[in-house]
Amino acid sequence: MDNPQATLAIGLMSGTSRDGIDAALIETDGEGAVAAVEFHAMAYEDGFRLRLAEACQRAMAMERPGFEPLIAAVEVELTEYHVQAVADLLGRSGHIAEDVGVIGFHGHTVAHRPDRGWTWQIGDGAALAGAFGIAVVGDLRSADVAAGGQGAPLLPVYHRALAAGLDKPAAILNLGGVANITFIGSDDGLIAFDTGMASGLIDNWMQTHGRAPFDAGGACAARGQVDEARLAAMMADPWFDLAPPKSIDREAFSIAAVQGLTLEDGAATLTAFTAAAVARALTHVPQTPRQIHVAGGGRHNATLMAMIAARTGVEVLDVDALGWDGDALEAQGFAYMAVRHLKGLPISFPGTTGAPEPLTGGVLFRP
């Protein structure tokens with residue numbers, strides 16, 4: 001990138017799927033210039049995934065963030081994993097730490113409670129900065145929530161930069177553990193919000209009943225039948241009718257709603273739950289987009305992609321068809337936001353999180 005204002009930046013994301021860390025290296029000016037350099041995905045060990053899930057359950061049961069022994073121990077482990085992910089990414093890229101201007105460190109959300117005025121991401125930004133001698137921007141959501149925003153989703157500003165050449169209105173759907181959508185209007189205005197669950201409940205169902213970490217390709221759901229009555233009961237939750245901006249925690253719904261169904265029917269019904277929630281989300285945007293461009297691990301689930309197309313009536317496409325890396329997008333976005341933080345540019349907006357004004361979030365940890 002021939003841009004003297006561009007910075008090499010690393011972005012790190014440990015998402016609601018709890019499967020591992022996505023680490024991305026990009027070159028960007030934090031505005032319209034973005035070039036992908038390298039990407040690395042590092043899986044968590046099974047034992048750590050279980051401890052992380054327990055930490056999330058304990059955090060959601062707390063009145064507010066505070067000391068809890070398991071959560072504190074998991075935070076140390078989580079930070080060590082991130083140090084390894086950065087080391088691996090640098091090794092793959094051929095770059096050294098001194099080349100990198102900043103790291104955007106999302107940490108891991110153990111509880112997201114904007115209804116109570118807080119959100120909680122664990123991960124030691126100071127330790128990560130010290131490990132590499134690179135400035136780290138972490139705690140990217142708290143300022144938005146403190147100002148009255150939802151603290152999520154944060155990716156829309158990055159989606160808009162990538163989508164500069166797309167016909168508008170455009171929609172970008174991210175399918176992680178939770179799903180969120182970015183609507184970019186013909187005026188480049190942003191509307192963004194969580195639509196509901198994505199792969200989180202499907203994964204829980206497969207891990208509990210299917211002896212598998214996830215429904216690979218949606219094959220199990222494809223063999224099942226959707227229980228429309230149970231689906232209707234889940235979609236009756238008043239959260240789906242709330243106007244955006246809005247966000248939701250992965251623990252807000254559970255697989256209890258489909259208990260008693262066969263493995264295949266449960267998978268099909270939970271997959272349809274994600275698709276129906278996306279369809280409901282389109283009632284909250286001013287125009288129906290011609291296409292929905294899908295990022296995140298859920299785009300590999302062919303059954304889910306087909307159900308979203310069927311229930312929305314909109315063409316559903318993998319963002320990789322645009323030349324984007326649908327696995328790297330979230331991690332890249334946090335690198336982009338870290339550069340924006342350094343430049344004093346906003347990362348959240350009234351139309352994306354409900355913040356009262358455009359806000360620059362994050363806390364800077366210097367090595």
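The values are calculated or read from the model by the stated rules, or taken from the named source; none is laboratory data. Please read all numbers here as calculations on a predicted model, not as lab measurements. Cβ atoms come from the backbone with ideal geometry, glycine included; neighbour counts cover every protein chain shown. Note: accessible area is taken over every heavy atom of the protein model, side chains too, but ligands, DNA and RNA are not part of it. Shrake-Rupley method; radii C 1.70, N 1.55, O 1.52, S 1.80 Å.
Considering the stretch 264-300 alone, what residues qualify as being open to solvent by 30 Å² or more (accessible area, probe 1.4 Å) and not in a helix (DSSP H, G or I)? First the steps, then the outcome.
Initially, the stretch 264-300 is screened for residues open to solvent by 30 Å² or more (accessible area, probe 1.4 Å), giving 264-265, 280, 283-284, 286-288, 290-291, 297, 300.
Hits for the stretch 264-300 are Pro286, Gln287, Thr288, Arg290, Gln291.
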Pairs, please: C-beta under 9 Å, at least 6 apart or cross-chain, first residue assigned to a helix (DSSP H, G or I) and in the stretch 338-359, second open to solvent by less than 40 Å² (accessible area, probe 1.4 Å) and among the charged types (D, E, K, R)? Val339/Asp29; Lys343/Asp29
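Show me the strands (runs of 3 or more DSSP E) found entirely inside the stretch 107-211 where at least 2 residues are free of Cβ contacts under 8 Å to residues at least 60 places away in the same chain and open to solvent by 10 Å² or more (accessible area, probe 1.4 Å). Spell out how you get there, then give the answer.
Values: elements: 118-122, 136-138, 170-175, 178-184, 190-197.
Because the criterion is at least 2 residues that are free of Cβ contacts under 8 Å to residues at least 60 places away in the same chain and open to solvent by 10 Å² or more (accessible area, probe 1.4 Å), the strands (runs of 3 or more DSSP E) in the stretch 107-211 that meet it are 118-122.
Modelled with pLDDT of 95 or more, more than 18 Å from the chain's Cα centre (by Cα), more than 24 Å from Asp19 (Cβ to Cβ) and of a type outside the set (D, E, K, R), is that true of Ala272? Break it down stepwise before answering.
Details: modelled with pLDDT of 95 or more: yes; more than 18 Å from the chain's Cα centre (by Cα): yes; more than 24 Å from Asp19 (Cβ to Cβ): no; of a type outside the set (D, E, K, R): yes.
When the stated conditions are applied, Ala272 does not pass them.
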Within the stretch 24-71, count every residue that is open to solvent by less than 40 Å² (accessible area, probe 1.4 Å), part of a loop (DSSP other than H, G, I, E, B) and under 30 Å from Ala161 (Cβ atoms). 4
Being more than 19 Å from the chain's Cα centre (by Cα), open to solvent by 10 Å² or more (accessible area, probe 1.4 Å), under 20 Å from Gly176 (Cβ atoms) and basic (Lys, Arg) is the requirement here; does Arg250 meet it? no
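Mind checking which residues of the stretch 94-106 are open to solvent by less than 30 Å² (accessible area, probe 1.4 Å) and touching an Asp or Glu at 6+ places or on another chain (Cβ under 9 Å)?
So in the stretch 94-106, the residues open to solvent by less than 30 Å² (accessible area, probe 1.4 Å) come out as 97, 100, 102-106.
Phe105, His106, listed by residue number.
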Given (1) more than 22 Å from the chain's Cα centre (by Cα); (2) open to solvent by 60 Å² or more (accessible area, probe 1.4 Å), number of the condition Cys220 does not satisfy: (2)
Name the pairs whose Cβ atoms lie under 7 Å apart, with the first residue in the stretch 317-332 and within 18 Å of Ile10 (Cβ to Cβ), the second of a type in the set (D, E, K, R) and open to solvent by less than 60 Å² (accessible area, probe 1.4 Å), and 6 or more positions between them or separate chains? Asp327/Asp22; Ala328/Asp22; Glu330/Asp22; Ala331/Asp22
